[in-house]
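Novice: Starting off with a structure, shown below.
Only the coordinates and a few stated rules stand behind these numbers; no lab work does. Since this is a predicted model, take the numbers as computed values, not measurements. Note that each Cβ is placed from the backbone with ideal geometry, even for glycine, and that neighbours are counted across all protein chains shown.
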Ligand code: ADP
Ligand code: MG
């Protein structure tokens, strides 16, 4: 397999509280380069909180978060924002595209924000849209794109700066079954080409098709873990 020994994610005893609520109760987790890790578990168990921690969108109350070899829990705001834009790609359930920019510009913007010149950013964005099969939709605004097209734009944007880690929170959650399948194929293909993935999902097809490791999350902690071959059938709980 393409999994190397390099650790792209390292969480050490990460705790996160919201007032009296403990959302993450001392989570430790390592993800090697090339893995596709799927986190599954009931609503409210802390999965999104976990992903936001790894994304640097939120900070732990205690514990350490390392991504791509950098301790992001200790970084200042500006450095963290810079790191996030350059090294982490994130895909959302509801796409989070900018409605007043065409698809191509949504993607190119991710490059512009890290200082890539406009022409170069647009060329790279077009190349990505092409790879994802929607080169002809570059001028379209999100409002006229289908759900599947919007999510492809979301994935292209996340890949713009060749991130060390691609995070996805319920990437098929807002898509119909057939469109979801296409996004699953897309994520699988990216991982086969070496992209490290951390997915949070309720979608058992996504986990079964894509994941090289399944993590079961409950009450703010990891309660089960299975490394697997993708070809193995996976019995849903
Ligand atoms: P999941 O993604 O597994 O459904 P979340 O990580 O969204 O779970 O939430 C875990 C727990 O933390 C839930 O009880 C949720 O209500 C709470 N929570 C999440 N974000 C916040 C927040 N910003 N403020 C207060 N409570 C939050
Ligand atoms: Mg969630």
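Novice: If packing is taken as the average count of other Cβ atoms within 10 Å, what order do 190-200, 115-125 fall into, highest mean first? Don't skip to the answer; put the middle values down first.
Specialist: Details: 190-200: 20.8, 115-125: 15.7.
Those peptides, ordered most packed to least, come out 190-200, 115-125.
Novice: Sticking with this one: How far, in degrees from 0 to 90, does helix 77-87 lean away from the longest principal axis of the Cα atoms of the chain, to the nearest 10?
Specialist: Compared with the principal axis, the helix lies near 70 degrees.
Novice: Considering only DSSP beta bridges where both residues belong to the chain, give the percentage that are antiparallel (nearest 5). Display every interim value, and only then the final one.
Specialist: Numbers: 22 of 38 bridges.
Of all bridge pairs located within the chain, approximately 60 percent are antiparallel.
Novice: Work out how far the C-alpha atoms of region 153-237 reach from end to end along every principal axis, then list the three figures in whole Å, largest first.
Specialist: Answer, in whole Å and largest first: 34, 28, 26 Å.
Novice: Give the separation of the Cα centroids, region 190-216 to region 1-66, in Å.
Specialist: 15 Å
Novice: Could you give the length gained on full extension between residue 185 and residue 62, defined as 0.36 nm per residue of separation minus the Cα-Cα distance, in nm? Walk me through the numbers on the way to the answer.
Specialist: Values: separation 123, 0.36 × 123 = 44.28 nm, distance 3.68 nm.
40.6 nm is the gain from fully extending residue 185 to residue 62.
Novice: Would you mind getting the Kirkwood hydrodynamic radius of region 1-139 from its Cα pairs, rounded to one decimal in Å? Kindly include the intermediate steps, with their values, before the conclusion.
Specialist: Details: mean 1/r = 0.0588 Å⁻¹.
17.0 Å is the Kirkwood radius here.
Novice: Would you compute, from DSSP H runs of 4+ residues alone, the mean residue ellipticity of the chain at 222 nm, taking -39500 (n - 2.57) per run and dividing by the full residue count, rounded to the nearest 500? If you can, show how the numbers build up before the last one.
Specialist: Working: 7 runs with 80 residues, N = 237.
Helices in the chain give a 222 nm mean residue ellipticity of -10500 deg cm²/dmol.
Novice: Can you list the residues of region 146-162 with backbone N under 12 Å from a point 7 Å past the Cα of residue 118, pointing along Cα to Cβ?
Specialist: Within reach of a label on residue 118: no residues.
Novice: Sorted by packing (mean other beta-carbon atoms within 10 Å per residue), highest first, where do 183-189, 107-113 land? Please report the intermediate quantities before stating the final value.
Specialist: Working: 183-189: 18.9, 107-113: 21.4.
The peptides rank, most packed first, as 107-113, 183-189.
Novice: Which order do 134, 215 fall in if you start with the one that has the fewest other Cβ atoms within 10 Å? Let's see the in-between values first.
Specialist: Working: 134 21, 215 24.
Ascending Cβ contact count within 10 Å gives the list 134, 215.
Novice: Further, regarding this structure: Listed highest first by mean packing, meaning other Cβ atoms within 10 Å per residue, what order do 7-15, 56-64, 205-213 come in? Walk me through the numbers before you get to the answer.
Specialist: On the way: 7-15: 19.2, 56-64: 16.4, 205-213: 20.9.
Order by mean packing, descending: 205-213, 7-15, 56-64.
Novice: Sorted from fewest to most neighbouring beta carbons within 10 Å, what does the list 18, 83, 94 look like?
Specialist: Numbers: 18 9, 83 17, 94 13.
Listing 18, 83, 94 from fewest to most nearby Cβ atoms yields 18, 94, 83.
Novice: At R0 = 41 Å, how high is the FRET efficiency between residue 99 and residue 70 if r is their beta carbon distance? Nearest 0.05 is fine. Walk me through the intermediate numbers first.
Specialist: Working: r = 33 Å, r/R0 = 0.80.
The pair residue 99/residue 70 has a calculated efficiency of 0.80.
Novice: Follow-up. Please state, as a whole number in µm²/s, the translational diffusion coefficient that the Stokes-Einstein equation yields for the chain at 37 °C and 0.692 mPa s, with Rh defined as the Kirkwood radius across alpha carbon pairs.
Specialist: Details: Rh = 18.1 Å.
Roughly 182 µm²/s, to the nearest whole number.
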